[in-house]
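Have a look at the structure below, then the notes.
No value in this document is a laboratory result; all are computed from the given coordinates. This is a predicted model, so every value here is computed, not measured. Backbone-built Cβ (ideal geometry, glycine too); neighbour counts: all protein chains shown.
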There are 2 protein chains.
Amino acid sequence: MANPLIADDLVALLLDGVIDLDRLLALPVFSGHTRATFDMFIATARRLARESLYPPYESMNQELPRFEDGRVSLHPAVRGLYRQVVELGILSASRPEEVGGAMLPMTVTAMASAYLMAANLGVVAIAGLTTGAARLIESFGSPELRERFMTRMYSGEWTGTMALTEPQAGSSLTDVRTTATPHADGSYRIRGTKIFISGGDQDLTENIVHLTLARIDGAPDGIKGVSLFAIPKRREEGGALVSNDVACTSVFKKIGWKALPSVQLAFGEEGDCRGWLVGEPHQGIKHMFQMMNEARLMVGMNAIASASVAYQESLQYAKDRPQGRALSARDPRAPQIPIIEHADVRRMLLRQKAIVAGGLGLLLRAAMLTDLAEHGADERARGEAKLLLDLLIPVAKTFPAEYGFESNTLAIQVHGGYGYTSEFLAEAWWRDQKLNSIHEGTSGIQAMDLLGRKAVASGGEPLRLFASTVAEEAGAAREAGLGDHAGALAAAVGDLLATTTALAMKGMSGDSEGMLRHAADYMDAFSVVAVGRELLAQATAARQGDRWSGALRDGAERTCAYWFHTELPHVAVTFARIRSGETSFADAPIESF
Amino acid sequence: MANPLIADDLVALLLDGVIDLDRLLALPVFSGHTRATFDMFIATARRLARESLYPPYESMNQELPRFEDGRVSLHPAVRGLYRQVVELGILSASRPEEVGGAMLPMTVTAMASAYLMAANLGVVAIAGLTTGAARLIESFGSPELRERFMTRMYSGEWTGTMALTEPQAGSSLTDVRTTATPHADGSYRIRGTKIFISGGDQDLTENIVHLTLARIDGAPDGIKGVSLFAIPKRREEGGALVSNDVACTSVFKKIGWKALPSVQLAFGEEGDCRGWLVGEPHQGIKHMFQMMNEARLMVGMNAIASASVAYQESLQYAKDRPQGRALSARDPRAPQIPIIEHADVRRMLLRQKAIVAGGLGLLLRAAMLTDLAEHGADERARGEAKLLLDLLIPVAKTFPAEYGFESNTLAIQVHGGYGYTSEFLAEAWWRDQKLNSIHEGTSGIQAMDLLGRKAVASGGEPLRLFASTVAEEAGAAREAGLGDHAGALAAAVGDLLATTTALAMKGMSGDSEGMLRHAADYMDAFSVVAVGRELLAQATAARQGDRWSGALRDGAERTCAYWFHTELPHVAVTFARIRSGETSFADAPIESF
């Protein structure tokens, strides 16, 4: 059976049963749509993913793009596939019609993207990066920049990148050193080096626009002196495109995402690289961070997509592969049984299923909150959605990256010795997945964001909102006969609130190191609670109405039960450790390592 | 600073402080040795590892051996390195002088091997496989087979392999189909296909001896009809080596252990493959399993070696790499700090350190028990050591494989974006590590072995022995001022015993599925307890006497405290789940996945 990439019935349960896509139709901004147009967009993406993008993935995951004479050549299949992705309209699908978009909800485009990512991450990422870069120009660029760059990016004529990281700075954007010198022609002369630029060179399109962080001469030190620029690979002069002195100097030897080159770029080696300021001077980080939620949501979706396609593949393998016999079988001549009959294989499969279903639920919820935060019915609805979204985003990025990686590792293990070979794709997705705990802010940075900023923002308002929403859902779960789980979830949320309060007080007293010491533990426990909430919502929805099959309902209930029995009971232990302020690693002298 | 592969002070603490290597000198079998000869062997291996084996690892971890015209060609550096490994005498170091060995304790040779494995796993594995294969002939082969094969294997003239797995059988050795037809010349004609044969072909030596499982014509069905054969790649005829009809038909595209080919072998495609029975007919599995403890111990050591070298590298990177500033720093012009100053990086480092130190402690204890089980002072000492060894072996294989993989993943994460590239070696060791949860019995099989056989063997005697040894050590820990940890460990061991009793009763009542359902959870909790015991023993030893530096003592105490605060408190939750008999995955209909 062909790999479905993501289970259709899970998607239906989430869109109809849990988050209720229909309610978006009531918002004026989406009034031009019907549920049928939503479904058709997702169905078209799904078909493209299954029929076109997935089959060539295997041939594209082994070798890196070629790099010769300063030019990157992608795998030959990328060009045609990328064209098909562009034709789907995904680049501007969630953007307004005035910029050529279809004004679809993020919830719809994120779901469509998930299928594409599950099929062929490297190809689809080029589109995602282009959209992200164009979004920055759309939001902050002058009409002229929008015309010159954004339009061609949304149309797929040119691609875009995000050029943030520098060799000496890594995640510390405060330490960006690329310089921008104002020029009489209104542009800036750019000099500097950027690393890990995904899609930073390619042979698909005649131009690439790099959204780049740099310092204008004389800018303040630190984060408040960093500005955002659009820097094309080639600039227009006299109606033609000429070199803009942006050199691709190397291609990183990555372990996954092989179809997508990650390169080092040198701007202005010959003193002739021109960049155009996007937005206000010195506001580059702020502008960039306004797009951060969507970027992190997309990384979370990458992670769930890689986990899902691997789960589906290992599930099929476990059904097909005969090996061994039941514990009670005594006759060695009896035929072997499919390995899905072995308890430990089932454990590995249900764990993957729980991670995929919980993670996808979390991401679709975040996508829905993105739509409501921007387009909600009134200011209060928008405000509440924004608070919840900001709170959940680091979790929706980190849970899929960390637990998704565990899920991909289990998919290898299900294959036994074959899993350790590239004869099966499990190892390719596992290599792809590993990036997601690193890019767009490492898991450590997400944990600091969650605990140090989001959970304690506005006097704890987002967390109280989270708790009251969960309490409402717990009521519905009780009515559906899932009272035990509802009670356990309520207790865990209470523990989360108490722990957060204790840590916030520590921070208020000036001990920010003490507050944040166990941020990673906090993230982990928060994730387990947030995913428990999703799985309970899914089990509850599956019991409501008569639309859902017995298998779907049983699967949702078991996945929920698995999580509540296996993961949730550990949360109290973790919260106790966090509150204890345990210091074994934090204050160790370096010689003690 | 050059990578030390394994920390010298940890090794000293383990050999002198925890397991006390000196007491082996009191045993008659090792009376020809002094402590100086033990130390010299380890020191020589360490120097070879650091100076010769480690530097070329980087160039050897990217590409697989070439396979052309049915012949495998290894990386050109392997030949010289393998020769050096042979000259160290490691192949027969633990074997008696009558077979050319040095009769060193396993404890010494295992420690020496750990350095070699940490330096260059693929090269060293060829030696390990050869020793294992020669051991089988030494133990069960006729004098003629010992002369013909074993002698040349121990001398390094030929290599050896273990040929167990077949495509249709995988881990299910019951289903071996390779056939052996008796011949008038006393040999057997062999036909069949074996897969995943590590070192199954190479261009280092003129011959390879495959220790192979096959069925003699007319043998009983199932596991009791499988015999063990020595099948050389080339056989001697008229004083020359001629082909023995063993064909290498493909090389698996593995994701790690790149220097070591894993191949498919076809025996007897032309009807002329001769094998010689090793040991008794139909006793092949029994013979093979008598070597299983050592094979699993070596896999555990591989795993700790891969975790340790990566830990050391990421530790050095964290000291060298400046990035970001302290939470309290407000001045963006202040220099960046090394990332080891960040709490989350320290967490990732101390976690790696705990896994490496706990795992190495577990493995050296298992090695010591191997020595005592074979050479202990009296029958009772040998018997007790054997019981404890059998109990601990699945744990000493699985904890390093599973937690070691987590440790290797953390080593990548410490490097940020660079960790995702092959510019640093973190990803190479991570790929190497993944095999260890699969070969020599998957983690699932180890868990069934631990719970279904070892923990309930002899009416629970091994577990009671384990508990009483731990209780003794807890007394020493209390005296050293580590009473809190000692108490927590005693409680966890009590929980382990109670849980095991409950499961054994379930099994006795005929519900073996119910007993073994949570075998993986049981393995995990057992591992955490067993490693807690090791880390407490290390912290205790580091407080005794005045030999140890303050840094070593502080490091051992923090590592212990980390584990007791972070991992051990979860054990009670896991044991409760195991006892509950939770069935979410176990009895799910296949459609529910």
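Most exposed first by the Cβ proxy, i.e. fewest other Cβ within 10 Å, how do B:254, A:224 rank?
Working: B:254 24, A:224 14.
Fewest to most other Cβ atoms nearby, the residues stand as A:224, B:254.
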| query | Quick one: putting +1 on the C-beta of Lys and Arg, -1 on the C-beta of Asp and Glu, what dipole do you get for region A:160-280 around its Cα centre, in Debye to the nearest 20? | reply | 420 debye
| request: Could you list B:159, A:174 in order of exposure, starting from the residue whose Cβ has the fewest other Cβ atoms within 10 Å? | output: A:174, B:159
| query | Which value in nm describes the separation of the simple spin-label points at residue B:546 and residue B:168, placed 7 Å from the Cα toward the beta carbon? | reply | 7.1 nm
| field | Karplus 3J(HN,Hα) series, Hz, for region B:267-279 with 6.51 cos²θ - 1.76 cosθ + 1.60 (x for Gly, Pro) | value | 9, x, 4, 9, x, 10, 9, 10, x, 10, 4, 10, x
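So for region B:315-373, Kirkwood radius off the Cα pairs, Stokes-Einstein at 4 °C and 1.567 mPa s: how many µm² s⁻¹?
Numbers: Rh = 13.9 Å.
Calculated translational D: 93 µm²/s.
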| message | Can you list residues from other chains, or at least 5 along the same chain, whose modelled amide H is less than 5 Å from the amide H of residue A:64? | response | none
| Which whole-angstrom value gives the distance between the alpha carbon centres of region B:273-295 and region B:438-492? | 30 Å
| Residue mean of other protein chain beta carbons inside 10 Å, A:576-588 | 5
| request: Would you please name the trypsin sites (Lys or Arg not before Pro) within region B:340-418 that are DSSP coil residues with at most 13 other C-beta atoms within 10 Å of their C-beta? | output: none
| remark: A student asked for the Cα radius of gyration and Dmax of chain A in angstrom ought to give 24.4, 88
| query | Where the Cα atoms of region A:365-490 are projected onto their three principal axes, how long is each span, largest first, in whole Å? | reply | 53, 38, 27
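Can you pull the mean other chain C-beta count within 10 Å for peptide A:406-416? Show your work: numbers first, answer last.
On the way: counts 2, 0, 0, 6, 0, 0, 4, 7, 2, 2, 9.
Per residue, the number of nearby Cβ atoms from other chains is 3 on average.
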| What is the distance in Å between the Cα centres of region A:318-379 and region A:534-593? | 15 Å
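Within a 10 angstrom radius of the beta carbon, how do A:355, B:393 rank from fewest other beta carbons to most? Present the calculation step by step, with values, prior to reporting the outcome.
Details: A:355 29, B:393 24.
Ascending number of Cβ neighbours within 10 Å: B:393, A:355.
Rounded, prolate or oblate for region B:160-282? Axes are the square roots of the Cα gyration tensor eigenvalues, ordered a ≥ b ≥ c, and the cut-off for rounded is a/c under 1.5. Intermediate values should be presented prior to the final figure.
Details: a/c = 2.06, a/b = 1.12, b/c = 1.84.
Note, shape of region B:160-282 comes out oblate.
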| query | Going by the alpha-carbon gyration tensor, a ≥ b ≥ c the square roots of its eigenvalues, is region B:8-152 rounded (a/c under 1.5) or, if a/c is not under 1.5, prolate (a/b greater than b/c) versus oblate? | reply | oblate
| field | Simple Cβ-charge dipole of the protein assembly as shown, Lys/Arg +1 and Asp/Glu -1, about Cα centre, in debye nearest 20 | value | 120 debye
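Of B:233/B:434; A:397/B:506; A:254/B:397, which sit over 32 Å apart, Cα to Cα?
On the way: B:233/B:434 29 Å; A:397/B:506 42 Å; A:254/B:397 30 Å.
A:397/B:506, as the Cα separations exceed 32 Å there.
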| query | For the charge dipole of region B:160-282, defined by +1 on Lys and Arg C-beta atoms and -1 on Asp and Glu C-beta atoms about the Cα centroid, which residue among B:160, B:261, B:248 has the Cα displaced farthest towards the positive pole? | reply | B:261
| field | Peptide B:330-342 - average C-beta neighbours from other chains (10 Å radius) | value | 3
| If you take the alpha carbon radius of gyration of region B:214-271 and divide it by 2.2 N^0.38 Å, what ratio comes out, to two decimals? | 1.49
| task | Only helical DSSP H runs with n ≥ 4 go in: add -39500 (n - 2.57) per run for chain B, normalise by residue count and round the 222 nm mean residue ellipticity to 500 deg cm²/dmol. | result | -16500 deg cm²/dmol
| Integer Hz, Karplus 6.51/-1.76/1.60 couplings in order for region A:85-97, x for Gly and Pro | 5, 4, 5, 4, x, 5, 4, 10, 4, 8, 9, x, 5
| remark: Given A:289-297, B:470-478, the highest-first ranking by average Cβ count within 10 Å works out to A:289-297, B:470-478
| task | For residue B:40 paired with residue A:224, estimate the spin-label separation in nm (one decimal), with each label point 7 Å from Cα along the Cα-to-Cβ line. | result | 6.9 nm
| 19 Å cut-off, amide nitrogen to a point 7 angstrom out along residue A:183 Cα→Cβ, residues in region A:118-147 | A:142, A:144-146
| said: Charges on Cβ only, +1 for Lys and Arg, -1 for Asp and Glu, centred on the Cα centroid of the protein assembly as shown; of A:298, A:92, B:448, which one is farthest towards the dipole's positive end? | reply: B:448
| said: Once the convex hull of the alpha carbons of the protein assembly as shown is built, what does its volume come to per residue, in cubic angstrom? | reply: 169 Å³
| query | Between region B:1-49 and region B:198-250, what is the C-alpha centre distance in whole Å? | reply | 37 Å
| note | If the label point sits 7 Å along Cα→Cβ of residue A:423, residues of region B:265-287 with amide N under 11 Å come out as B:265
